[in-house]
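The next block holds one structure in the form of structure tokens; read it before the comments.
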Amino acid sequence: MMTEAKATIVTENDWEPRIVAYCCNWCSYAGADLAGTSRIQYPPNARILRVNCTGRIKPEFILAALDMGADGVLVSGCHPGDCHYTSGNLKARARWALMEQVIEQAGVNPKRVRLQWASASEAQIFADGVRALVEQVKELGPIVREWK
Amino acid sequence: MSEVETPRIGVFVCHCGHNIAGVVDVDKVAEVAEDMPYVVFSTHEMFMCADSGQELIRQKIKEHNLNRVVVASCSPRMHEPTFRRVVEEADLNRYLFEQVNLREHVSWCHMRQPVEATEKAIDLVRMSVARAAKLEALPIKKVEVTPRTLVVGSGIAGLTAALDIADRGFEVVIVEKDKVLGGAVAKWTHLFPSDQIGEQVIEPLIDRIMRHEKIEVVRDSKVVNFEGYIGNFEVTIQNNPTGAERTYKVGTVIVATGFEPFRPIGYYGYGESPDVVTLAELQEMPRQYELFKPSDGKPVKKIAFIGCVGSREPGTKGHEHCSRHCCSAVAKAASDLRQRCDEVLVLYQDIRTYGRGHEEMHRLARGRNVIYSKFPPDQKPQVTIRKGKVRLNWFDVLSEDHLQFEPDLLVLASAMVPPSDIEETANLFSLTRSADGFFNPEHIKLAPLTTHTAGIMIAGAAQAAKNAHESAIDASGAAAKAVGLMARGKVEIESTVAQVIPELCSTCYTCVSACPYGAISIDKDAKPQAARVTEAKCHGCGTCAGGCPSSAIVMLHSTDDQILAMVEAYLCTPQEVTGGNA
Amino acid sequence: MTQSMDYVETPKKYVSDNALVIGGGVAGMQAALDIANQGYKVYLVEKTPSIGGRMAAIDKTFPTLDCSACILTPKLSEVARHPNIELLTYSEVEKATGHEGNFTIKIRRKARYVHEDKCSGCGECAQVCPVEVPAEFEEKIGFRKAIYLPFPQATPAVYTIDMDTCINCKRCAKTCTRGAIDYEMKDKVVQLNVGAIVVATGYKLFDVSVYPRLGYGRYQNVINAMEYERLINAAGPTHGHLIRISDGKTPKDIGFIQCVGARDVNKGVPYCSRVCCMYGVKNAVMAREHDPEAKVTIYYADIRAFGKGFEEFYEMAKTRFGVNFVKGRVGEVVEDSETKDLIIEVEDINTAQLEEVRHDLLVICPGLQPPDGLETIAKVLKLEQSEDGYLDIEDTFSAPVTTTIPGVFTCGCADGPKDIPDSVTAGSAAAMRATIILSKAGAK
Amino acid sequence: MTNEIHTPSSEFAREVASVPGGEAINKCIQCGICTASCMVARASEKYRPRKIIQKILIGKRDEVLRSDQPWFCMTCRMCEENCQEGVSPAEIFHAVRFIAAREGHIPNVFRNTLDTVLTDGWLLKDAYSDFIEDERDDLGLEVDLRFNDGFVKRVRERYFSPDMREAEV
């Protein structure tokens, strides 16, 4: 497995990170909507996938995305305690710690994945989260060099 | 559940006026979409949601024999119901529709990057087309609605809602945890903007409730169990003193659990002197013509009110909201009491006498020589209690003077906060709460009376701080929602539930513990044993499927296959547009 | 006090289970939907060519900044497609007799000069129309043709000829392949029998030009809040670019003036208009959203952020969006004749400093008033109005949506200023009370 | 601003309200539009009509009556024109000045002005220079500008005799 350092060396100039963003329907997807209605500008690198709840997100979804070449994965849901389904996000949070370990063992820098909470009214937090991950992934370089 | 047919996908890209087309090259998006797998038709149009756009979809479904429709427009949170209805009108199952969000998630947030925005739009359409190819028709389920409503709480909202529903001809069960009906309003002396006292308002309602043949009143009791789904709820009510339980079947629920006056321990000497009371306590104080000091029973000659006690406190959870009723309630009480006292003071931050007749009360109070003084929000009045005397010191912003006053009675206009058992109620009825601690409506603007749990309405101060007049209007409104469901007799419910593939289930119980609704159990009679979903209880969150280590749970309309198809479409397709030179 | 509408002694007979809703704004639409959802037929009368009311023209809504048209449009089609709702747009109530359970209503259906059943809303006619006039929907900042659809999502999507400006060139008629245009069309009067009536006539904005000191109407860069809504709206005349009318430049320092035509005993509007504080805050936030560099100030007497989420939004406006709040009503506004900037006088009450502040755009936030037609409708239905012009209600607590005539209900701003959620709630409440009467017809 | 701690009372407001012109004092909601409309306030660091009214409302009788400020009002009535609650600060200050004068609190500048008029018969005697006198003379105008001396004398004797002044205080 390659190290992060090597990866950065071969970064191409026109490379732009590709980010898969899983958002729950009730908070973060709505927060992303609000970012739009509020015209908050953020990097266009993320592609949002809508799921009902962060609890729906299987660890495989994240691993598969990285495997298929995503440079980063964002998971964004309701704040703990505010889940539309009472507690789905708590389950997501519980799975996350394990997820990070698995990713690391697979040779991927866990900084490539980000779990955040953004409510329907927190458009800025959502946008900032995307920006933060994009910037972080830009530092790490394209994933293709370190995977496999 | 799966029909084998080759997908024939139609893609409709919306300009949304200039909202999308001003940034995204919609022409190009529609053009690229034409070559995506299974796409047989692709176009772009000014407003897909307008009647003309809808007609276009229906027409093209027929013309091209489309069996999947992708509309790339605004957020599905906005128009998914609209387009689902449109495809249904063209005899397509509503679950064969897929929406791409090109406005909120693309054009509006990448306004200065048209090339990247177009690239992102194409990706998103490609992802949705991939998902559309895997979509499956789901049955549209209709259920009967039991023609009976459960009203929780018997304040002015509960009583009004119950009467309206019963007057309209449906049965009502009204449950009240207290021994008496009437809630907060029944105890209120200075009701506004009228000159009635609370009792005069509530008594006639209770009188009618007790005589109404369609209403069953269950007092001194509370709901201990609540199950089921819209139209078919089963509620267990327990009598407080006896513990006896009774179960009712109801079709709809109105939660009118009201508020509690905040007990401002630690504020302005509350709890340190009996002569410091809340506004709610003032309303209930015994009086003849005069009001008497709780400490020594002498007549109250000087009163001071302080506003925003436990309200409008940024950063203090549950106390950030404005309690809405207090300014007007204080104006009313102050002007009433001014005639029997030597001096009445009102200390405030802003005066929010917003309602019809409220400004008049404010003017009346001032006209009767009530003194209004504004204190700075970051420099609250100081209260000292010495030898039983209450002394108030503060800075008057308006005159820039340091003031001092020794009221016989200090009245704190304390916040409206949710009842202490609201969390219990929230869990019981699966209701979510907002930052103010009260229940969340389905939509804060256009659906303030319904909740995200179908069949459950909220009314009055259960939703937010409100006055009696507003609560009564809420109640009638919530009643209309309940009656609407019951009068129709049948309602549709979402088909997007979890399903178990028994052959894959290892009965590890992950799903059982993951489900927030207790909708999954292990069917011990099955051979082999397997998890089983009680569909009526499933809300479709997918937490079970997210945790299942054997992929034995299928979330209908959100299958692993559908989700991964999107990821693959994004990451494993050569890109049409490369950054910088489109 | 209640009285029967026509002949006092008539015994009450519950004859009709149809309802009439007057006014197709958000309150009237909600009332119509909630009645229709119970299975009763509703006639929804709207005097303009389209339902949607004021909300259709508003850009964003507080406190969630939802796009107004976007949350409203699904409601428009829900109403239009409801099998139990019959839309009578471009129509006005002329006469009413009868009593609770049995009203006879005459409605004038004004000639559109376009047949509703033939028009497909394609818009070819408007394209060839050579007449351009200031568009009412755009607060006369944008233009429309003499044959027009008031706004893109207008419901029904049927064109209307404004005969006051039409030059009779007949180009539209020649273009229309469906033959929908008919210059000879005449007003029609239809008669309805209904059991209950809901009045949802809405409001009008106070005409702020009656305050000469504020310069509205004299200074180009003093605009009212509704004009501002259109200016920041993506579908508006400037495609959402906020500009100064005087020179088309982007304003960099915007002032919002609250309590104009509200809480003013001298102008016949002693009451608080209830919505201006919040729409003012919302518009200020939008100004910062449009241009984070812009300086934005609100001048107010009290900020009345009383509804659910309002105070939190106000707090956010101050802290997160950096809107500047100055407590103090504005005295005089003077225009700098060279730059067309505006200079205002205000006392910052928190510091007791008198300040002279320069803004390059001033937005006046007018209060609400009963609409012009309310008096006529009140006369027709024999409803009582308060001194301020709003409808009186039967009782604050037991009958908060009932007018002084049994069987006639009120919602939205017909009985006093209300924001959208309160209007919608009152619409549902009026529907509830109306259906209790309807349910008595035919004795179920 | 004073640092002494004051106990608010509505007594003074009621007193002002009982004097013609002061009736509307309790209608003031402290919105500040009067100050914002006031031309004197524009020229002054300390004259804030709104603030004076609040001082009356909280009963700072001595401070208000001894202050020069109620005397600053030029009665242009722009405050009254713009007030949305029907208050006329100009009228209120008139009432306040009435009470103040009754108690002998007249700012020296007003006293001096009055004395000048009563002594000279008109206000601008000091400004009437030899130069102007010559000019008038050249133009053939009357040079002796003693305005209605007789009337002023009668007023002085009737209302401002030393006895009367004593009685007022």
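Key figures
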{"quantity": "Failed item in (1) within 14 Å of chain C (Cβ to nearest Cβ); (2) in contact with a helix residue (DSSP H, G or I) (Cβ under 8 Å, 6 or more places away or on another chain); (3) on the phi > 0 side of the Ramachandran plot, with residue B:484 passing the rest", "calculated": "(3)"}
{"quantity": "Count of region B:171-190 residues which are surrounded by fewer than 24 Cβ atoms within 10 Å (Cβ to Cβ) and hydrophobic (A, V, I, L, M, F, W, C)", "calculated": "6"}
{"quantity": "Answer from B:516, B:549 - the residue that is assigned to a loop (DSSP other than H, G, I, E, B), crowded, with 17+ Cβ neighbours inside 10 Å and touching a helix residue (DSSP H, G or I) at 6+ places or on another chain (Cβ under 7 Å)", "calculated": "B:516"}
{"quantity": "Residue list for region B:125-157, restricted to those being crowded, with 23+ Cβ neighbours inside 10 Å, touching an Asp or Glu at 6+ places or on another chain (Cβ under 7 Å) and charged (D, E, K, R)", "calculated": "B:131"}
{"quantity": "Which numbered condition residue B:49 fails, given (1) touching a His at 6+ places or on another chain (Cβ under 6 Å); (2) assigned to a loop (DSSP other than H, G, I, E, B); (3) modelled with pLDDT of 95 or more", "calculated": "(3)"}
{"quantity": "Residue, nearest to the other protein chains (Cβ to nearest Cβ), within region D:7-16, restricted to residues that are surrounded by fewer than 20 Cβ atoms within 10 Å (Cβ to Cβ) and part of a helix (DSSP H, G or I)", "calculated": "D:14"}
{"quantity": "All positions within region C:162-200 that are touching a helix residue (DSSP H, G or I) at 6+ places or on another chain (Cβ under 6 Å) and without any contact (Cβ under 8 Å) to a residue 40 or more places away in the chain", "calculated": "none"}
{"quantity": "Filter result (in a helix (DSSP H, G or I) and either touching a Ser or Thr at 6+ places or on another chain (Cβ under 6 Å) or at the interface with another protein chain (Cβ under 7 Å from one of its Cβ atoms) (or both)) within region B:534-546", "calculated": "B:543, B:545, B:546"}
{"quantity": "Residue in region B:207-248 that is farthest from residue B:484 (Cα to Cα), counting only those that are among the aliphatic types (A, V, I, L, M) and surrounded by fewer than 16 Cβ atoms within 10 Å (Cβ to Cβ)", "calculated": "B:244"}
{"quantity": "Residue ID - farthest from the other protein chains (Cβ to nearest Cβ), chosen from residues in region B:47-76 that are surrounded by fewer than 17 Cβ atoms within 10 Å (Cβ to Cβ) and of a type in the set (Asp, Glu)", "calculated": "B:63"}
{"quantity": "Those residues of region C:399-428 which are touching a Leu at 6+ places or on another chain (Cβ under 9 Å) and within 7 Å of chain B (Cβ to nearest Cβ), in sequence order", "calculated": "C:416, C:420, C:421, C:424, C:425, C:428"}
{"quantity": "Residue within region B:354-361 that is touching a residue at least 40 places away in the same chain (Cβ under 8 Å) and either in the same structural domain as residue B:187 (by TED's automatic domain parsing) or closer than 19 Å to residue D:54 by Cβ (or both) present", "calculated": "no"}
{"quantity": "Subset of region B:422-460 [out of contact with any Lys or Arg (no Cβ under 8 Å at 6 or more places or on another chain) and under 17 Å from residue B:151 (Cβ atoms)]", "calculated": "B:425, B:428, B:429, B:431, B:451, B:453, B:455, B:456, B:458, B:459"}
{"quantity": "Filtered residues of region A:62-87 (kept if facing chain B (nearest Cβ under 9 Å), in a helix (DSSP H, G or I) and crowded, with 22+ Cβ neighbours inside 10 Å)", "calculated": "A:65"}
{"quantity": "Every residue from region A:1-40 that is at pLDDT 80 or above and hydroxyl-bearing (Ser, Thr, Tyr)", "calculated": "A:22, A:28, A:29"}
{"quantity": "Those residues of region C:394-415 which are under 16 Å from residue B:476 (Cα atoms) and of a type in the set (A, V, I, L, M, F, W, C), in sequence order", "calculated": "C:397, C:399, C:401, C:408, C:409, C:411"}
{"quantity": "All strands (runs of 3 or more DSSP E) inside region B:235-307 with 2 or more residues being within 22 Å of residue B:418 (Cβ to Cβ) and within 27 Å of the chain's Cα centre (by Cα)", "calculated": "B:252-255"}
{"quantity": "Scope region C:233-264; condition hydrophobic (A, V, I, L, M, F, W, C), closer than 30 Å to residue D:31 by Cα and under 19 Å from the mean Cα position of the chain (by Cα); matching residues", "calculated": "C:259, C:260, C:262"}
{"quantity": "Of all residues in region C:101-135 being free of Cβ contacts under 8 Å to residues at least 24 places away in the same chain and either in a strand (DSSP E or B) or under 25 Å from residue C:373 (Cα atoms) (or both), the one that is farthest from the chain's Cα centre (by Cα)", "calculated": "C:132"}
{"quantity": "Residue C:387, sole failed condition from (1) surrounded by fewer than 18 Cβ atoms within 10 Å (Cβ to Cβ); (2) touching a residue at least 60 places away in the same chain (Cβ under 8 Å)", "calculated": "(2)"}
{"quantity": "Selection within region D:19-50 - of a type in the set (S, T, N, Q) and at the interface with chain C (Cβ under 8 Å from one of its Cβ atoms)", "calculated": "D:30, D:35, D:37"}
{"quantity": "Residues being in a helix (DSSP H, G or I) and touching a residue at least 60 places away in the same chain (Cβ under 8 Å) - total across region B:79-121", "calculated": "11"}
{"quantity": "Matching residues in region C:61-100 - criterion: being touching a Pro at 6+ places or on another chain (Cβ under 7 Å), within 11 Å of chain B (Cβ to nearest Cβ) and in contact (Cβ under 8 Å) with a residue 12 or more places away in the chain", "calculated": "C:80"}
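Conditions (1) among the charged types (D, E, K, R); (2) touching a strand residue (DSSP E or B) at 6+ places or on another chain (Cβ under 6 Å), marked per residue:
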| site | (1), (2) |
| --- | --- |
| B:164 | yes, no |
| B:176 | yes, no |
| B:188 | no, no |
| B:194 | no, no |
| B:198 | no, no |
| B:205 | no, no |
| B:211 | yes, no |
| B:223 | no, yes |
| B:233 | no, yes |
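Okay, residues lined up against (1) over 30 Å from residue B:195 (Cβ atoms); (2) part of a helix (DSSP H, G or I); (3) among the aliphatic types (A, V, I, L, M); (4) under 21 Å from the mean Cα position of the chain (by Cα):
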site	(1), (2), (3), (4)
C:372	yes, no, no, yes
C:404	no, no, no, no
C:413	no, yes, no, yes
C:425	no, yes, no, yes
C:432	no, yes, yes, no
C:442	yes, no, no, no
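The values are calculated or read from the model by the stated rules, or taken from the named source; none is laboratory data. Quick caveat: nothing in here was measured; it's all calculated off a predicted structure. Cβ coordinates were reconstructed from backbone atoms using ideal geometry, including for glycine residues, and neighbour counts include every protein chain displayed.
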